[in-house]
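Input: a single structure, listed below in structure tokens.
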2 protein chains.
Amino acid sequence: MSEAASATARTALQGAPSKGAALQKDLSVEGPCGGRPYHHGDLSRALVMAGRRILEAEGPTALSLRAVAREAGVSPAAPYHHFKDKSELLDAVAEEGWRELGVAIGKGRGGAANPKMAMIEIGVAYVSFARQNPALYRLMYHAACDREMMPDHAKDADSGWRHVAEAIIEAGADPNDEQDMALAQIAAWCNVHGVAEMAGFKEFEPLKEALGGEEPFVRALLSHVGIFARRPKTPYE
Amino acid sequence: MSEAASATARTALQGAPSKGAALQKDLSVEGPCGGRPYHHGDLSRALVMAGRRILEAEGPTALSLRAVAREAGVSPAAPYHHFKDKSELLDAVAEEGWRELGVAIGKGRGGAANPKMAMIEIGVAYVSFARQNPALYRLMYHAACDREMMPDHAKDADSGWRHVAEAIIEAGADPNDEQDMALAQIAAWCNVHGVAEMAGFKEFEPLKEALGGEEPFVRALLSHVGIFARRPKTPYE
DNA sequence: AAGATTATCTTGACGGCGTTCAGATTCATG
DNA sequence: CATGAATCTGAACGCCGTCAAGATAATCTT
């Protein structure tokens, strides 16, 4: 189901046979270029990739530090030379997810017919990513909630957060009304997150089918909420 | 010894603030009262309460089956006579949470100035509950996501789900347009969930302060999204 | 009232987990 | 080539979820 999901990620993960031996060798062979590789190869990278692979293949409950080490072909204690503890490793996996999500959002935004549609396309891309990598998305959000903030690189050029801010302005918001800008951005983010986590619920199945599939369903949901229609600040009195 | 343990448990719970005051039953030595009590007393109830207490006091990572049993004063294997496994116990804790949330939502709805305001009040009550019981809320949602559906009792009279449906109709929606009804209900739920999980993020702090606190912030967010304003189905073309 | 039956709880064990630490190995460099 | 630092291993600790076997108490039958 989520197999076709991360074609982009898959290339990155490609050629990773289960045992670490081959992986180690490959990494150490291409070593001399960057000056990065260490004793074992770039283990820290390998661990993150192994973590993601386990997440996709066997689900979040199987994602133990020991399993990751096993998959990477090292002892259970090895990761501790690259990450303070398990949660730091998981953070690294999550961060990669956020980066990919940013790229996906950028693509969605770029494919919009006009600036006013961009926000919806962004939302669709966001939800679509979350639905195709559910375990990863949960991990990402878990990490964010734990530290009670968005990932640090949210300010980066290709981050989803940035895309949203720009799209809102392009859609006609007044960039000088900081408060309204922030509200729009936050509201969009909250909404799209809710949809991402609930779109798979089974009680919505009939409606999904009536609308012709999950993507139309998501579109309808986002449109219905008027995700970024500019509107008076207080619709009720 | 079971008596003593459950006594400590009870006093500990009474120390806990906020809700659940009415919830705790009299587990004291009342032999032939309800026909329910068993060997130990109502252990299954006691376990759920212990679970909740640990969740609030020490966070989700401390919430182990063994810790719950310890807190309830029984052996680590005792819970297995009442719950199939750990996750079933957690489900029971979550279910209690959903019930409380339903009540909170009902109160919010009842306190609304007029039918059109009811939806916002519901949203505020929802987010407020989630923010006051963050660990419990996460647990609730985790359980729902795992089974990919809302809790079973969502159809009950005092469930939040029901309240939302009724409030939407009272606000003027056409109850015969099933599709639109469902969309409104789902969109509301998604949005409010997103706000609930993100309202605590630190990057929103300045905006919160500018708006005068967290509740105004939440109100602004919900209003901005036009959470339940009736609107044309496709705001963009 | 006494014995049989069932439900409940305890004890003890198993394997897996995250984490630590002392020691072995390999790398970079002088 | 020697030395010191970075990297990995092996074994150990305590906690976890879970299970099987036995002890204990409540309930039911007669």
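Values quoted throughout were computed directly from the atomic coordinates according to the rules given, and no laboratory measurement underlies them. Note that the structure is a prediction, hence the values are computed from the model and not measured. Here the Cβ is made from the backbone with ideal geometry for all residues, glycine too, and neighbour counts use every protein chain on show.
Computed values, structure above
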{"quantity": "Compactness of the range A:75-117 - radius of gyration and Dmax, Cα, Å", "calculated": "17.3, 53"}
{"quantity": "In order through the range B:190-196: 3J(HN,Hα) via Karplus (6.51 cos²θ - 1.76 cosθ + 1.60), integer Hz, x for Gly, Pro", "calculated": "4, 5, 5, 5, x, 4, 4"}
{"quantity": "Shape metrics for the range A:153-216, restricted to C-alpha atoms - Rg then Dmax, Å", "calculated": "15.3, 43"}
{"quantity": "Copies compared at A:Asp177 - label distances in nm, ascending, label defined 7 Å from Cα in the Cβ direction", "calculated": "2.6"}
{"quantity": "Kirkwood estimate for the range B:56-167, i.e. one over the average of 1/r between Cα atoms, Å", "calculated": "15.3 Å"}
{"quantity": "7 Å along Cα→Cβ, label-point gaps from A:Gly212 to other copies, nm, shortest first", "calculated": "4.6"}
{"quantity": "Vicinal HN-Hα couplings computed from phi for the range A:112-127 (Karplus, 6.51 cos²θ - 1.76 cosθ + 1.60; Hz; Gly/Pro x)", "calculated": "6, 5, 8, x, 5, 8, 4, 4, 5, 4, 4, x, 4, 5, 4, 4"}
{"quantity": "Protection proxy ranking, peptides B:41-49, B:56-64, average beta carbon neighbours within 10 Å, highest first", "calculated": "B:41-49, B:56-64"}
{"quantity": "Cβ-vector label at 7 Å, B:Ala67, separations to other copies in nm", "calculated": "2.1"}
{"quantity": "A:Ser75 paired with A:Ala210, simple spin-label distance in nm, labels 7 Å along Cα-to-beta-carbon", "calculated": "6.1 nm"}
{"quantity": "Relative contact order computed over the range B:87-224 (Cα-Cα under 8 Å; 6+ residues apart), in percent", "calculated": "29 percent"}
{"quantity": "Surrounding net charge for B:Gly213, when Lys and Arg each add one and Asp and Glu each subtract one, Cβ distance under 14 Å", "calculated": "-1"}
{"quantity": "Rounded D (µm²/s) - the range B:87-224, Kirkwood Rh over Cα pairs, Stokes-Einstein at 4 °C, 1.567 mPa s", "calculated": "84 µm²/s"}
